[in-house]
Amino acid sequence: EQGRHYIAMEFVEGGSLRDILASRGSLPASEVVKIALEVADALARAHHLKIIHRDLKPANILIAKDGTPRLADFGIAHIQDSSHLTQSGILMGTVDYLSPEMCQGDPPNELSDIWAFGVMLFEMLSGKLPFEGKSMTAKLTSILSQSVPDLTQLAPDTPDALADLIYRMLKKNPQERIPSV
């Protein structure tokens, strides 16, 4: 407007999924599925437009007063086929949610967002991250080499089908992950 560029965004009063997890620890499977379906819908639309979020995490899921989630913060998003916009080999995103291939410097794609989504679902159900470490190096090592903990032990009420889906999202080899959200 009048030679000035700006972004207008919806104001979401309800806080973030991170706030909810901080106060409640974990969520029941029915609530996780309700939130996940809405986030998957938004992420699928972004992927259809060739946009990779690159920083999917609970802090970037805003919860409106009516309880519906909003996928937010596309600040480090990657537009596929636009490699000149981002530098490859640069570690971007929150380490806890980085896919193994991104930890190794590979370019982001839909499968790296699927990994982050799986980490987030695991955390929502269990109240903890599947890969942990006291330093960034320890976290990266855990992501690259540790097995996914048994979600059904950490969150016994998790339906088997949901646990299986999350395990398939968290395959170390991206070609073994589910192909889309």
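The values are calculated or read from the model by the stated rules, or taken from the named source; none is laboratory data. Just so it is clear, the model here is predicted, and its values are computed rather than measured. When we count neighbours, we look across all protein chains shown, and the Cβ atoms used for this are built from the backbone with ideal geometry, even at glycine. When the accessible area is computed, the model is the full protein with side chains, heavy atoms only, and any ligands, DNA or RNA have been set aside. Shrake-Rupley method; radii C 1.70, N 1.55, O 1.52, S 1.80 Å.
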State which entries of Lys57/Lys134; Lys50/Lys171; Lys57/Lys172; Lys65/Lys139; Lys128/Lys172; Lys65/Lys172 exceed 30 angstrom in Cα-Cα distance in the structure shown. Lys65/Lys139; Lys65/Lys172
How large is ³J(HN,Hα) for each residue in the stretch 44-56, as worked out from phi by the Karplus curve 6.51 cos²θ - 1.76 cosθ + 1.60 (θ = phi - 60°), to whole Hz, x for Gly and Pro? 4, 5, 4, 5, 4, 8, 6, 9, 9, 5, 6, 9, 6
When P(r) over Cα pairs in 5 Å bins from 0, in percent is calculated directly from the model, which label among (1) 1, 6, 9, 10, 11, 13, 12, 11, 9, 7, 5, 3, 2, 1, 0, 0, 0; (2) 1, 8, 16, 21, 21, 16, 9, 4, 2, 1, 0, 0; (3) 1, 9, 16, 17, 16, 13, 11, 8, 5, 3, 1, 0 fits? (2)
Could you put His48, His53, His5 in order of accessible surface area, largest first, with the 1.4 Å probe and the full protein assembly present? His5, His48, His53
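Could the peptides 143-154, 30-41, 101-112 be put in order, highest first, of the mean number of other beta-carbon atoms found within 10 Å of their residues? Working shown, then result.
Details: 143-154: 14.8, 30-41: 16.4, 101-112: 18.8.
The densest-packed peptide leads the list: 101-112, 30-41, 143-154.
At most 12 other C-beta atoms within 10 Å and a DSSP loop state: those are the exposed chymotrypsin sites (Phe, Trp or Tyr not before Pro) I care about. Give me the longest piece of the chain that has none. Please list the in-between numbers first.
Working: sites that count: Tyr6, Phe11.
Within the chain, the longest run free of exposed chymotrypsin sites (Phe, Trp or Tyr not before Pro) spans 12-181.
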Gaussian network model of the chain, Cα within-10 Å springs - most flexible of Arg45, Arg168, Arg18: Arg45
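Where only protein heavy atoms count, and the probe is 1.4 Å, what is the accessible area per residue for the chain in Å²? Could the numbers behind the result be given before it?
Details: 10030 Å² over 181 residues.
Computed with neighbouring chains in place, this is 55 Å² per residue.
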Carbon and sulfur %, accessible surface of the stretch 1-48 computed with the full protein complex present, 1.4 Å: 52 percent
